[in-house]
Ligand SMILES: [Ca+2]
Ligand SMILES: [Ca+2]
């Protein structure tokens, strides 16, 4: 039994929902994916400034679509950016 790892778990468990809540203030993939085919096309992203600006970064395989893996990778980067700004 390690107290350290318990503390780490508590921190992760508390902080992750908070970070998710920060992103939830923006559009979720479900909201952006207007035709519900599971990927975001450039047309669907057009209304979302953040996606337009970061498109080339988010679309890692350059197929001009953002799939859920690419979207959540971007979410994670957003979260760590928020973290950096916070302290
Ligand atoms: Ca779509
Ligand atoms: Ca892609």
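Remark: the residue 83-residue 34 segment gains 14.6 nm on full extension, using 0.36 nm per residue and subtracting the alpha carbon distance. Relative to the current alpha-carbon distance between residue 4 and residue 68, full extension at 0.36 nm per residue lengthens the span by 19.7 nm.
With neighbours defined as other Cβ atoms within 10 Å of a residue's Cβ, the residues 30, 50 order from fewest to most as 30, 50.
Each value in this text was obtained by applying a stated rule to the coordinates, not by laboratory testing. Computed from a prediction, not measured in an experiment: that's the story for all the values here. Cβ sites come from the backbone with ideal geometry, for glycine too, and all protein chains shown count toward neighbours.
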